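Pasting a structure here, questions to come.
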Amino acid sequence: PPQDLPAQALAAAREIRDADDRAKALTGLAPHLPQDLLAQALAAAREIENAKYRAKALTGLAPHLPEERRREALAQALAAAREIESGWQRAEALTGLAPHLPQDLLAQALAAAREIENAKYRAKALTGLAYRLAELGHPEEALAAAREIESGWQRAEALTGLAYRLAELRHPEEALAAAREIENAKYRAEALTALAPHLAAWAQERPEQAHPVARATLRALAARPRPEFLRDLNALLPFFLALLPEGERPSAATAVFRAIQDVSRWWP
């Protein structure tokens, strides 16, 4: 009968010898299984000996489980990920887990990421976990995780992505902090340009919060070499102008432009 098909499919999946294929089969079946069969699928996932594929199966099953079972499955997936010896495979497992982890398991996941010896793969895991911290409403912890990345270009990549996410999640001040920390001038300007509309909206909604941030940002920009200062200033001009009354914005933009021209003539 048709009602027996899920049970038959699950039985067939449990008989698959290849661990990767079995994990894929269990994960693919999960959305179609009733709760009693999901419990059996969870048991089958726990039986996978290879830690990488056990973590993969448990991660795939977790979103379909009741709340109390979900955390248990994620904890087991995280434990399996920590057993993975290969740095890139552990980073892959942690990155796949990150979007599903609750707050109380993130500290363990960060510890597992920090244990990865290879800097490139450690950066990948930290990036995924930083994004999750941002989504859970912990922007400062997200920034701290991104700052741990040693490689300049990987840190820039992580901070750029994090800045975008923080802006989307309405954490404009932290988004700006992330973007300002990008060392590569080109990437920083691109990130600031993308953030500027979010920051301008924030400036109009919360001027009392935005004003001190704008002042601190201008001081920080002024310490950069002139080409970088001009590029960053141009990127953030919509933010700075949004702090002024609407009627004063065109004349203010003109005044800034003329001041830049004057300074360039005085000190070429």
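The values are calculated or read from the model by the stated rules, or taken from the named source; none is laboratory data. This one's a predicted model, so the numbers in the text were calculated from it and none came from an experiment. All Cβ positions, even for glycine, are placed from backbone atoms using ideal geometry, and neighbour counts span all protein chains on display. Note: areas computed on protein heavy atoms with side chains; ligands, DNA, RNA excluded. Shrake-Rupley method; radii C 1.70, N 1.55, O 1.52, S 1.80 Å.
Could you list, in sequence order, all residues of segment 177-187 that are part of a loop (DSSP other than H, G, I, E, B) and open to solvent by 20 Å² or more (accessible area, probe 1.4 Å)?
First, the residues of segment 177-187 that are part of a loop (DSSP other than H, G, I, E, B): 181-184.
Once the filter is applied, which keeps residues that are part of a loop (DSSP other than H, G, I, E, B) and open to solvent by 20 Å² or more (accessible area, probe 1.4 Å), segment 177-187 yields Glu181, Glu183, Asn184.
Would you check if Gln108 is among the polar types (S, T, N, Q), over 12 Å from the mean Cα position of the chain (by Cα), more than 27 Å from Asp232 (Cβ to Cβ) and in a helix (DSSP H, G or I)?
The answer is yes for Gln108.
Can you spot a residue in segment 154-165 that is of a type in the set (Lys, Arg) and either farther than 26 Å from Arg231 by Cβ or crowded, with 23+ Cβ neighbours inside 10 Å (or both)? Steps first, please.
Residues of segment 154-165 that are of a type in the set (Lys, Arg), as a first pass: 155, 165.
Okay, now just the ones that are also either farther than 26 Å from Arg231 by Cβ or crowded, with 23+ Cβ neighbours inside 10 Å (or both), so none.
Checked against the condition, which is being of a type in the set (Lys, Arg) and either farther than 26 Å from Arg231 by Cβ or crowded, with 23+ Cβ neighbours inside 10 Å (or both), segment 154-165 yields no hits at all.
Report whether or not Ala73 is open to solvent by less than 60 Å² (accessible area, probe 1.4 Å) and in a helix (DSSP H, G or I). Give the derivation first.
On the way: open to solvent by less than 60 Å² (accessible area, probe 1.4 Å): yes; in a helix (DSSP H, G or I): yes.
Judged against the criteria, Ala73 is a match.
Which of the residues belonging to segment 169-219 are in contact (Cβ under 8 Å) with a residue 12 or more places away in the chain and of a type in the set (Asp, Glu)?
If the condition is that a residue be in contact (Cβ under 8 Å) with a residue 12 or more places away in the chain and of a type in the set (Asp, Glu), then Glu173, Glu174, Glu181, Glu183, Glu190 are the ones that fit.
Just checking, how many residues over segment 193-211 are within 17 Å of the chain's Cα centre (by Cα) and surrounded by fewer than 22 Cβ atoms within 10 Å (Cβ to Cβ)?
Pass one, segment 193-211, residues within 17 Å of the chain's Cα centre (by Cα): 194-195.
Among the residues that remain, those that are also surrounded by fewer than 22 Cβ atoms within 10 Å (Cβ to Cβ) are: 194.
Adding up the residues that qualify gives 1.
Of everything in segment 186-202, what is aliphatic (A, V, I, L, M) and either farther than 16 Å from Leu221 by Cβ or modelled with pLDDT under 90 (or both)? Give them in sequence order.
Once the filter is applied, which keeps residues that are aliphatic (A, V, I, L, M) and either farther than 16 Å from Leu221 by Cβ or modelled with pLDDT under 90 (or both), segment 186-202 yields Ala194, Ala200, Ala201.
Based on what the data block shows, is Glu190 in contact with a Gly (Cβ under 7 Å, 6 or more places away or on another chain), acidic (Asp, Glu) and either open to solvent by 20 Å² or more (accessible area, probe 1.4 Å) or assigned to a helix (DSSP H, G or I) (or both)?
Values: in contact with a Gly (Cβ under 7 Å, 6 or more places away or on another chain): no; acidic (Asp, Glu): yes; either open to solvent by 20 Å² or more (accessible area, probe 1.4 Å) or assigned to a helix (DSSP H, G or I) (or both): yes.
So Glu190 fails the test.
Would you tally the residues in segment 40-52 being open to solvent by 30 Å² or more (accessible area, probe 1.4 Å), assigned to a helix (DSSP H, G or I) and touching a residue at least 24 places away in the same chain (Cβ under 8 Å)? Working first, answer last.
First pass over segment 40-52, keeping only residues open to solvent by 30 Å² or more (accessible area, probe 1.4 Å): 40, 43, 46-47, 49-50, 52.
Still in the list and also assigned to a helix (DSSP H, G or I): 40, 43, 46, 52.
Keeping just the survivors that are touching a residue at least 24 places away in the same chain (Cβ under 8 Å) gives 40, 46, 52.
Of the residues in that region, 3 qualify.
Consider Glu174 carefully, then state whether it is open to solvent by less than 70 Å² (accessible area, probe 1.4 Å), of a type in the set (Asp, Glu) and part of a helix (DSSP H, G or I).
On the way: open to solvent by less than 70 Å² (accessible area, probe 1.4 Å): yes; of a type in the set (Asp, Glu): yes; part of a helix (DSSP H, G or I): yes.
Criteria met by Glu174.
Report whether or not Ala167 is under 20 Å from Thr217 (Cβ atoms), among the small types (Gly, Ala, Ser), touching a His at 6+ places or on another chain (Cβ under 7 Å) and assigned to a helix (DSSP H, G or I).
Values: under 20 Å from Thr217 (Cβ atoms): yes; among the small types (Gly, Ala, Ser): yes; touching a His at 6+ places or on another chain (Cβ under 7 Å): yes; assigned to a helix (DSSP H, G or I): yes.
Spelling it out, Ala167 is indeed under 20 Å from Thr217 (Cβ atoms), among the small types (Gly, Ala, Ser), touching a His at 6+ places or on another chain (Cβ under 7 Å) and assigned to a helix (DSSP H, G or I).
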